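What follows is a single structure, written as structure tokens, with notes after it.
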Amino acid sequence: MRVITGSARGRRLKELEGMDTRPTTDRVKEGLFSALQFEIEGRKILDLFAGTGQLGIEALSRGAASCVFVDRRADAVKLIRENLKITDLTDRARVMTGDSLEVLSSLKGKFDLILLDPPYEAGLLEEALERIVRFDILTPHGIIAAEAPAEKVLPEPAAPYRMGRTYRYGRISVTLFRRAGEEESEESAT
């Protein structure tokens with residue numbers, strides 16, 4: 001597992017022991033960041049269910065202004081901090097220990113990009129999407145990138161959010177959801 005490009009390009013990241021965490025493959029990560037390449041620089045990122053922190057670290061390496069990493073496992077949080085040190089990206093990161101779904105209700109401010117890669121078998125993705133929409137923590141024109149098994153059908157979110165394109169990488173898919181801008185939200189209300 002390595003950082004693909006940017007200021008930390010080529011740096012190897014540490015991984016968690018065991019099978020509890022399933023890191024995003026390099027192929028999926030490359031595809032995701034290719035789709036988001038113009039949506040990263042200067043943006044505020046939330047890496048929910050962060051695991052090793054590799055997605056948020058990739059965003060920081062590519063010029064994101066900041067990233068909040070959230071994971072419930074103490075060993076994952078420790079590893080995220082170690083990976084941030086390895087990549088010299090600690091100064092733009094905040095790492096939180098806690099249940100990702102519960103943390104959503106207590107976050108202050110809004111994010112430009114939310115990265116979602118929960119454990120597939122736990123059924124957390126739909127609940128995370130619903131809470132993000134309910135708490136409206138995405139900026140106008142912001143994006144949610146949700147990784148899931150390719151056969152999973154994700155629900156259409158409520159306005160001003162909408163489902164965008166889905167990218168398939170073998171058995172994995174990444175769906176982009178977008179939040180309408182304020183002008184678009186006002187037009188659809190009339």
Checklist line | Tally, over the range 148-175, of residues that are assigned to a loop (DSSP other than H, G, I, E, B), touching a residue at least 24 places away in the same chain (Cβ under 8 Å) and of a type in the set (K, R) | finding: 1
Checklist line | Test: residue in the range 59-69 that is closer than 25 Å to V103 by Cα, surrounded by 14 or more Cβ atoms within 10 Å (Cβ to Cβ) and at pLDDT below 95 | finding: no
Check: Could you list, in sequence order, the residues of the range 79-114 that are more than 13 Å from I45 (Cβ to Cβ), touching a residue at least 60 places away in the same chain (Cβ under 8 Å) and open to solvent by less than 40 Å² (accessible area, probe 1.4 Å)?
Finding: L79, N83, T87
Notebook entry, point to check: Which one of these does A122 not meet: (1) of a type in the set (A, V, I, L, M, F, W, C); (2) without any contact (Cβ under 8 Å) to a residue 12 or more places away in the chain; (3) touching a strand residue (DSSP E or B) at 6+ places or on another chain (Cβ under 8 Å)?
Noted result: (3)
Next item on the list: Give the residues of the range 23-58 that are modelled with pLDDT under 95, of a type in the set (D, E, K, R) and part of a helix (DSSP H, G or I), sorted by residue number.
Entry: D26, R27, K29, E30
Checklist line | Flag for S7 being open to solvent by 60 Å² or more (accessible area, probe 1.4 Å), more than 24 Å from G170 (Cβ to Cβ) and hydroxyl-bearing (S, T, Y) | finding: yes
Check: Which one of the conditions (1) touching a strand residue (DSSP E or B) at 6+ places or on another chain (Cβ under 6 Å); (2) touching a residue at least 60 places away in the same chain (Cβ under 8 Å); (3) open to solvent by 10 Å² or more (accessible area, probe 1.4 Å) does L16 fail to meet, given that it meets all the rest?
Finding: (1)
Notebook entry, point to check: Can we say E127 is part of a helix (DSSP H, G or I), acidic (D, E) and in contact with a helix residue (DSSP H, G or I) (Cβ under 7 Å, 6 or more places away or on another chain)?
Noted result: yes
Notebook entry, point to check: Which residues, taken from the range 129-166, are farther than 19 Å from R43 by Cβ and surrounded by 17 or more Cβ atoms within 10 Å (Cβ to Cβ)?
Noted result: L129, R131, V133, A148, P157
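The values are calculated or read from the model by the stated rules, or taken from the named source; none is laboratory data. Since the model is a prediction, treat every value here as computed from it, not as a measurement. Heads up, the Cβs are rebuilt from the backbone with ideal geometry, glycines too, and the neighbour counts pull from every protein chain shown. With ligands, DNA and RNA removed, areas are computed over all heavy atoms of the protein, side chains included. Shrake-Rupley method; radii C 1.70, N 1.55, O 1.52, S 1.80 Å.
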